[in-house]
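Before any comments, here is the structure.
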Amino acid sequence: MDVLSASFDSPLGMVSVDSQAGEIVQLYWGVKAHQGHDRSPELIEAQQQLTAYFEGHLTVFDLPLSVKGSDFQRAVCDAMSAIPLGETRTYGDLAKGLDASAQAVGNACGGNPIPIIIPCHRVLGATSLGGFSGAGGVESKVWLLRHENAAGLLI
C-alpha cells in the first residue's frame, strides 16, 4: 500500500505527515526528498487540524491514526492521547496504569510515530522534563508545553 505525504511550515519548522490506507501513520520534522505533497482527505484534515492547533484554536485532534508497533506501544500511545491539553503526566503515572516500568513507558514515548497529535510532549520525568524525539529535542517540548499553557509546570 502506498504511503502518501504532505509537508507544511509550523512554528517548529517544516512538519511532514504520512498516511497509509486513509490513516495517519507518521509525523516528523523536515521533508522526505523523494515524496511530494499529496492531497488525500486525511492529509488535508491533518494539516488543517495542526494549523488550528498551532494557532491556538484546537485542543483535541480528531484524526484517523494507525500506530505501527507492539500492543504495548499502542497502549502507551492511547494513554498519551488521553492526556488533556494543558496537563501533563509523568512516565511513572502512565506506567502505573499500564502495569509497566517508567523506563518502558519512556522508551515507548520515544518511539511515538505521531508526535504532537499523540502528545508525548505532555509526559515528563518525575524530576525532569524527560526527553523529546522531535526536532529541537527538549526545546521543542518546552515550546509545545508553553503553547498549551502547561509552562507553569516548568518553573
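The values are calculated or read from the model by the stated rules, or taken from the named source; none is laboratory data. Just so you know, these numbers come straight off a predicted model, no measurement behind them. Virtual Cβ from ideal backbone geometry, glycine too; neighbours counted across all protein chains shown. What goes into the accessible areas is simple: the full protein's heavy atoms, side chains included, and nothing from ligands, DNA or RNA. Shrake-Rupley method; radii C 1.70, N 1.55, O 1.52, S 1.80 Å.
Scan the range 52-79 residue by residue and report those that are β-branched (Val, Ile, Thr) and open to solvent by less than 50 Å² (accessible area, probe 1.4 Å).
Hits for the range 52-79 are Val67, Val76.
Matching residues to (1) basic (Lys, Arg); (2) under 23 Å from Leu12 (Cβ atoms); (3) at pLDDT 95 or above:
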| site | (1), (2), (3) |
| --- | --- |
| Asp62 | no, yes, yes |
| Asp71 | no, no, yes |
| Val76 | no, yes, yes |
| Gly86 | no, yes, no |
| Ala102 | no, no, yes |
| Ile118 | no, yes, yes |
| Gly134 | no, yes, no |
| Ser140 | no, yes, no |
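All but one of (1) among the small types (Gly, Ala, Ser); (2) under 17 Å from Leu144 (Cβ atoms); (3) outside any loop (DSSP other than H, G, I, E, B) hold for Gly86, so report the exception by its number.
(3)
Looking only at the range 21-42, filter to residues that are modelled with pLDDT of 95 or more and either under 17 Å from the mean Cα position of the chain (by Cα) or polar (S, T, N, Q) (or both); which one of those is surrounded by the fewest Cβ atoms within 10 Å (Cβ to Cβ)?
Glu23
Using the structure shown, decide if Ala95 is within 22 Å of Ser128 (Cβ to Cβ), without any contact (Cβ under 8 Å) to a residue 12 or more places away in the chain and part of a helix (DSSP H, G or I).
Yes.
For the list (1) more than 18 Å from Ile114 (Cβ to Cβ); (2) surrounded by 12 or more Cβ atoms within 10 Å (Cβ to Cβ), I need the number of the one condition that Gln49 fails.
(1)
What residue, among those in the range 99-155 that are assigned to a helix (DSSP H, G or I) and small (Gly, Ala, Ser), is surrounded by the most Cβ atoms within 10 Å (Cβ to Cβ)?
Applying the filter and picking the extreme gives Ala108.
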